[in-house]
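Reviewing the structure listed below.
FYI, it's all coordinate maths here, none of it is from the lab. The shown structure was predicted, so the numbers you read here are calculated from the model rather than taken from an experiment. Please note: Cβ atoms are built from the backbone with ideal geometry, for glycine as well, and neighbour counts cover all protein chains shown.
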Amino acid sequence: MGYEGEYSAKVVEGYIPVTGGKIWYKIVGADKKTPPLLALHGGPGASHDYLEPLEALSDERPVIFYDQLGCGNSDKPSDISLWTIERFVNELEQVRTYLGLDKMHLLGQSWGTMLAVDFMLTKKPKGVMSLILSGPCLSSSRFASDQKVYLLELSDTLQKIISESEVSGCFDSKEYQDAMMAYYKTHVCRLDPWPDCLNRTFEKLGHEVYEQMWGPSEFTITGTLKGYERVNLLKEISVPTLFTCGRYDEATPSTTAYYHSMLPGSEIVIFEGASHEHHLEKIGEYLEVVRSFINKAENK
């Protein structure tokens, strides 16, 4: 169905059959003829909602969102065997085929960067004109090490609560949730209050997908992504690539710069005063950086 949205852009919504069920998608600016931007949300198990600022780019091109299987507006099957990166890569290919995206720009945020990189490495897709990797996690071991450093910046009391929960495996206590929120407000989103679109994503979080693929918390990786290491393969990606992160990002500037160094010809932008959700904390700056990068890639 179509309607006139905030940016006077035609909006189309629907469902796509994929392996394991149906997933929901939305195209903002569906009447534009320029190559679209396809956005891959984080999580695993989050929803598209927190990426809504990208809709502003629909003044120039279609911007496409979808909720991956197991979260948001999509089906939520109980079969845990579905929660593998290989299935999500195939799901992305099914989305591209269903929507006929011969040419497109691809943007991944957080877990979406893992999905985007594996899509590029395994499917070798033609027609991807540029790649934007925001708050990237391309090495699970390095991500875990970075979080341990951040953990030491918390108060002794919060460190003790988190440490005891990690040992006991009890992550449901109010004390633990409060300790995690202190971490989130420093390294995930520094806005106060959090924007409505981010709150909606947390409310819709597919916990089963997150726990099966990642683990019980950002600090404890026990899921199917535990061995995810793609840094040495980045050189195989030949499309124009942009890395972005915030100065306080859980995807740290030093690690993001390391990824950048391993992909010849790539670019990097670090947003000062921002963290993992730098696209929300610095909306204007982020949109201008992405818009400029996409247009430059198209004009080559």
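Laid out as a table, the results:
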read-out: Qualifying positions in the range 158-201 - among the hydrophobic types (A, V, I, L, M, F, W, C) and without any contact (Cβ under 8 Å) to a residue 40 or more places away in the chain; value: Leu158, Ile161, Val167, Cys170, Ala179, Met180, Met181, Ala182, Trp194
read-out: Breaking point among (1) more than 17 Å from the chain's Cα centre (by Cα); (2) part of a helix (DSSP H, G or I); (3) among the aliphatic types (A, V, I, L, M), for Leu101; value: (2)
read-out: Condition check for Pro193: under 22 Å from Leu280 (Cβ atoms) and either within 14 Å of the chain's Cα centre (by Cα) or assigned to a loop (DSSP other than H, G, I, E, B) (or both); value: yes
read-out: Among the residues listed as Thr122, Thr97, the single one being surrounded by fewer than 19 Cβ atoms within 10 Å (Cβ to Cβ), out of contact with any Leu (no Cβ under 9 Å at 6 or more places or on another chain) and more than 20 Å from Lys22 (Cβ to Cβ); value: Thr122
read-out: Pick from the range 244-300, criterion under 22 Å from Phe219 (Cα atoms) and among the small types (Gly, Ala, Ser), ranking: surrounded by the fewest Cβ atoms within 10 Å (Cβ to Cβ); value: Ser254
read-out: Sole residue being among the aliphatic types (A, V, I, L, M) and either surrounded by fewer than 21 Cβ atoms within 10 Å (Cβ to Cβ) or farther than 28 Å from Asn295 by Cα (or both), chosen from Leu82, Leu37, Leu51; value: Leu82
read-out: Residue within the range 216-239 that is in contact with a Pro (Cβ under 8 Å, 6 or more places away or on another chain) and under 30 Å from Glu288 (Cα atoms) present; value: yes
read-out: All positions within the range 155-190 that are surrounded by 13 or more Cβ atoms within 10 Å (Cβ to Cβ) and assigned to a loop (DSSP other than H, G, I, E, B); value: Phe171, Ser173, Val188, Cys189, Arg190
read-out: Residues of the range 80-99 satisfying the condition of being polar (S, T, N, Q), in contact with a strand residue (DSSP E or B) (Cβ under 9 Å, 6 or more places away or on another chain) and within 17 Å of Gly42 (Cα to Cα); value: Asn90
read-out: Evaluation of Ala46 against (1) in a loop (DSSP other than H, G, I, E, B); (2) surrounded by fewer than 21 Cβ atoms within 10 Å (Cβ to Cβ) (one fails), failing number; value: (2)
read-out: Long-range neighbours under 8 Å by Cβ, at least six apart or interchain, first residue on the phi > 0 side of the Ramachandran plot and in contact (Cβ under 8 Å) with a residue 12 or more places away in the chain within the range 241-266, second outside any helix (DSSP H, G or I) and surrounded by fewer than 22 Cβ atoms within 10 Å (Cβ to Cβ); value: Gly265/Pro240
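Let's see how each residue does on (1) in contact with a Ser or Thr (Cβ under 9 Å, 6 or more places away or on another chain); (2) farther than 21 Å from Ser47 by Cα:
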| position | (1), (2) |
| --- | --- |
| Met180 | yes, no |
| Thr186 | yes, yes |
| Trp194 | no, no |
| Arg200 | yes, no |
| Leu205 | yes, no |
| Val209 | no, no |
| Trp214 | yes, no |
| Ser217 | yes, no |
| Tyr228 | yes, yes |
